[in-house]
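To start, the structure itself, in structure tokens.
The values are calculated or read from the model by the stated rules, or taken from the named source; none is laboratory data. Keep in mind the model is a prediction, meaning the values are calculated, not measured. Cβ placement follows ideal geometry from the backbone for every residue including glycine, while neighbour counts extend to all protein chains displayed. Just the protein is used for accessible areas: all its heavy atoms, side chains included, with ligands, DNA and RNA removed. Shrake-Rupley method; radii C 1.70, N 1.55, O 1.52, S 1.80 Å.
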Amino acid sequence: MVAIDENAPGNGDGESADVAPRVLELFKDARKDGRPLNICAPMVRYRKLPFRLLVRDYGVDIAYTPMILAHEFIRSCIARDSDFTTCPLERQPTASDGRQHALIAQFASSEPLEFARAAELIAPRVDGVDLNCGCPQSWALKDGIGCSLMSNPSLVAEMVRAARGRLSSGQSVSVKIRIHKDLDQTVQWVKEVEAAGVTFITVHGRTRSQRSSTAPDYAAIRELKKHVNVPLVANGDAYTSTNVRKIAQLTGADGVMAARGMLENPALFAGYAVTPTEAVRRFLEYAIRCPIPLPLVLHHISEMTARMEGMGKRERKRLMECRDLVDLVIYVEEKWVVDDGKVEVDDVDCR
């Protein structure tokens, strides 16, 4: 666990302007490998440190924090400690294959100075910041954040410039958006935001009023790709490695972002059709070393194991009755016995 120094100076002053954002190197490496960049999407509550460490072991190149409310983050040390913890390991290469990893903090905000200050506070611990312009929930729309920003590209451009001024040139400023019903409106939106200096753009292929039961519009993402010069990431219905390849092919995107699919199968980018038992045990190891509330741990284990053999209603009920981590560890070890009895994970310092 790493504390954030709210009195630390901004990273934007005195930095060399010719250092490209580190995440662009990851996009470049993925293109050399002939594949899209694998990205774990931000999700409220469900992208805490133990889960990010887990997906790092299974092919994820870039992981996002949960969406963080910028105004709470900048005014409260308690909020900062609750919303964000990290450790050096999550941005280091994977020991097994040397794969590079990056961490991006996503903020919800509608104020340039607020977003810039949040970016400045978290800058020493991340590779970039992202502005949420795609949350369609009613509370977000009421507060003028999330999808509300899709009607005001000038404001978003100002926010990008403000954050850019507080970060080093080696850090990214990105946005995650949805599409408009009139795609021409989205084309103009991304052009204006790109001109402000955004590093890359993630596009969820649905409008703000479309539910997850509506298929994403991959053709719209492909059309947007033609109008931007920065990397573009496709988001929407990535549940399997086959989905990922298909989405990349249909959209021409530089990266594919998975959200709900990662909850069900955090190993999907590594080609697993169902969460491997080893991943469940790894997650528990990380949760023990980097504690998060038990209800979150139980939710993750419940989602990961839902499609595993033998996990019917009775077993799920038994799982959710675990009273603490000791109960949960015993349950998992009894349910999925392995010969060696232990899963090895990279050294984690979460003090």
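If you go through the range 1-27 and keep only what is charged (D, E, K, R), more than 19 Å from the chain's Cα centre (by Cα) and at pLDDT 70 or above, you end up with just D18.
Starting from residues that are in contact with a strand residue (DSSP E or B) (Cβ under 8 Å, 6 or more places away or on another chain) and in a helix (DSSP H, G or I), keep the ones in the range 90-122 and report whichever is surrounded by the most Cβ atoms within 10 Å (Cβ to Cβ).
Once the filter is applied, the top-ranked residue is A119.
Against the numbered list (1) surrounded by 15 or more Cβ atoms within 10 Å (Cβ to Cβ); (2) within 23 Å of K142 (Cα to Cα); (3) touching a residue at least 24 places away in the same chain (Cβ under 8 Å), K225 comes up short only at (2).
Looking for something of a type in the set (A, V, I, L, M) and open to solvent by 30 Å² or more (accessible area, probe 1.4 Å) - is there at least one such residue anywhere in the range 127-141? Looking through the range 127-141, at least one residue is of a type in the set (A, V, I, L, M) and open to solvent by 30 Å² or more (accessible area, probe 1.4 Å). Are any of the residues in the range 62-85 of a type in the set (F, W, Y), surrounded by fewer than 22 Cβ atoms within 10 Å (Cβ to Cβ) and closer than 22 Å to G271 by Cα? The answer is no; no qualifying residue exists.
The single residue among T186, T202, T214, T207 that is open to solvent by less than 10 Å² (accessible area, probe 1.4 Å), among the hydroxyl-bearing types (S, T, Y) and over 18 Å from L37 (Cα atoms) turns out to be T186. Being under 29 Å from Y58 (Cα atoms), in contact with a helix residue (DSSP H, G or I) (Cβ under 7 Å, 6 or more places away or on another chain) and either outside the structural domain of P291 (by the TED database) or touching a residue at least 12 places away in the same chain (Cβ under 8 Å) (or both) holds for only one residue in Q106, Q100, Q92, and it is Q100. Please indicate, with yes or no, whether at least one residue in the range 208-221 is hydroxyl-bearing (S, T, Y) and part of a helix (DSSP H, G or I). Yes, there is a match, as at least one residue in the range 208-221 is hydroxyl-bearing (S, T, Y) and part of a helix (DSSP H, G or I). Of everything in the range 281-322 that is more than 27 Å from the chain's Cα centre (by Cα) and touching a residue at least 24 places away in the same chain (Cβ under 8 Å), the residue that is least open to solvent (accessible area, probe 1.4 Å) is C322.
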